[in-house]
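For reference, the structure discussed in these notes is given below.
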Amino acid sequence: MRVGVLTGGGDCPGLNAVIRSVVRKGAQEYAWKFVGFVDGWSGAVNDVTVPLDVPAVRGILPLGGTILGSSRTNPLRLDNGVERIKDTLAAHRVDALVVIGGEDTLSVAAALADTGVALVGVPKTIDNDVGGTDYTFGFDTAVGIATEAIDRLHTTAESHKRTLVVEVMGRHSGWIALHSGVAGGANVILVPEVEFDVDRVCSWVENRFEINYAPIVVVAEGAVPKAGQMVVKDESRDAFGHVRLSGIGDWLAREIESRTEKDARTTVLGHIQRGGTPSAYDRWLATRFGLHAVDAVKDGDFGTMTALRGTDITRVPLAEATKATKRVPEDLYAEFDVFFGT
Ligand code: F6P
């Protein structure tokens, strides 16, 4: 059996741990051969491959990024994209594909599976917004990085008695903002799922100053003010049609400063949240996803995605997992109201 592996979309810590466990189990238990497609769907469309075997995956478990490279290439938007992928798979005599990606990469996988391509998906993303799974790998590392940043920002905010706004990633979902904001003891947390009222944010900020502490405001990059437009630095879009975000943190700090007449600064964490070594939990989850992806291929259970439900790894149809983005429920967000402005 020959199995192709690719990693698509924004990278995240733990991708190499999946690649390693897929190759180790496939090669050691079933004597499968592997081929790596370079830069996600781009490698499959343009026939760019790298050899993938057990020696190639030695030592990569703690390594951030992906040894296969990644891109946001969308083959469904390219002329004959699907046919070109099928030609590449045939040329390399690939019997099955393991696709490691987020909602965009997995939506392409779902479409390809519908046309008969034998593949299994593995959900990755720091955003934790893939449907059908409790968690994606990469999320825990990103939350850890953001939480450490918030811890550090508390002390400098206190020294200067100023507001510090922390912009974290998450364009459609506020999982990173909510988890890191709660873990870091933020005084305001703003998520894309719930439009915010700038007046209310400023009253929380004022309140925090009144009790003699400096406010920390955590805002997801996709959070939007009430009756407002998304605040973006530019309007360019990627191949999946997503606007490139960043700007809400700066905008909010300026608003807070002018309305409260107290100093405010912004820290945009950006790609720091995606880089570097995966947490122990992400290595654990990524490794388990990889092992179970091999089981799914072995069972011929194609068109499915590995998923975490509780502590079990299960399989869900890709079509179901990619139907909708997993968003923060409003009642979960509301649980933390008590900490806002205090
Ligand atoms: O999809 C993961 C993610 O990190 C999002 O949180 C963020 O909005 C986006 O990728 C940034 O993408 P890029 O690195 O392509 O600018």
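Output yes when any residue across segment 198-219 is touching a residue at least 60 places away in the same chain (Cβ under 8 Å), farther than 25 Å from Asp151 by Cβ and in contact with a helix residue (DSSP H, G or I) (Cβ under 7 Å, 6 or more places away or on another chain), and no when none is. Yes, the conditions are met somewhere in segment 198-219.
Is there a residue being within 16 Å of the ligand (Cβ to nearest atom), hydrophobic (A, V, I, L, M, F, W, C) and closer than 17 Å to Ala286 by Cα anywhere in segment 83-100? Show your work before the answer.
Residues of segment 83-100 within 16 Å of the ligand (Cβ to nearest atom): 99-100.
From what's left, hydrophobic (A, V, I, L, M, F, W, C): 99-100.
Keeping just the survivors that are closer than 17 Å to Ala286 by Cα gives 99-100.
Yes; the residues of segment 83-100 include at least one that is within 16 Å of the ligand (Cβ to nearest atom), hydrophobic (A, V, I, L, M, F, W, C) and closer than 17 Å to Ala286 by Cα.
Of the residues making up segment 164-183, those that are part of a loop (DSSP other than H, G, I, E, B) and buried (at least 22 other Cβ atoms within 10 Å of the Cβ) are Met169, Gly170, Ser173, Gly174. Counting just the residues of segment 188-221 that are surrounded by fewer than 24 Cβ atoms within 10 Å (Cβ to Cβ) and in contact with a Lys or Arg (Cβ under 7 Å, 6 or more places away or on another chain), which one comes out nearest to Ile126 (Cα to Cα)? Among them, the one singled out is Glu193. I need the full set of residues from segment 31-85 which are among the hydroxyl-bearing types (Ser, Thr, Tyr) and closer than 20 Å to Arg274 by Cα, in order please. Listed by number, the residues that qualify are Thr66, Ser70, Ser71, Thr73.
How about segment 245-283: which of its residues are of a type in the set (D, E, K, R), more than 12 Å from the ligand (Cβ to nearest atom) and in a loop (DSSP other than H, G, I, E, B)?
First, pick out the residues of segment 245-283 that are of a type in the set (D, E, K, R): 250, 254-255, 257, 259, 261-263, 265, 274, 282-283.
Subset that is more than 12 Å from the ligand (Cβ to nearest atom): 250, 254-255, 257, 259, 261-263, 265, 282-283.
Glu261, Lys262, Asp263 - these are the residues of segment 245-283 that are of a type in the set (D, E, K, R), more than 12 Å from the ligand (Cβ to nearest atom) and in a loop (DSSP other than H, G, I, E, B).
Scanning segment 301-339 for residues that are polar (S, T, N, Q) and within 19 Å of the chain's Cα centre (by Cα) yields a count of 3.
Only one of these is open to solvent by 40 Å² or more (accessible area, probe 1.4 Å), in the same structural domain as Gly10 (by TED's automatic domain parsing), away from the ligand (no atom under 16 Å from the Cβ) and not acidic (Asp, Glu): Gly116, Gly132. Name it. Spell out the reasoning first.
Details: Gly132 fails: open to solvent by 40 Å² or more (accessible area, probe 1.4 Å).
After ruling out the rest, the residue left standing is Gly116.
Can you name the residue in segment 255-266 that is more than 28 Å from the chain's Cα centre (by Cα) and of a type outside the set (Gly, Ala, Ser) and, of all such residues, is most open to solvent (accessible area, probe 1.4 Å)? The selected residue is Glu261.
Counting the residues of segment 135-149 that are surrounded by fewer than 24 Cβ atoms within 10 Å (Cβ to Cβ) and not acidic (Asp, Glu) gives 5.
With respect to the conditions (1) more than 20 Å from Ala110 (Cβ to Cβ); (2) open to solvent by 20 Å² or more (accessible area, probe 1.4 Å), Gly341 falls short on a single one, namely (2).
For segment 283-296, the criterion of being touching an Asp or Glu at 6+ places or on another chain (Cβ under 8 Å) and more than 18 Å from Ala96 (Cβ to Cβ) is met by at least one residue.
The values are calculated or read from the model by the stated rules, or taken from the named source; none is laboratory data. Because the structure is a prediction, the values reported are computed rather than measured. Backbone-built Cβ (ideal geometry, glycine too); neighbour counts: all protein chains shown. Calculation scope for accessible area: heavy atoms of the full protein, side chains included, ligands and nucleic acids excluded. Shrake-Rupley method; radii C 1.70, N 1.55, O 1.52, S 1.80 Å.
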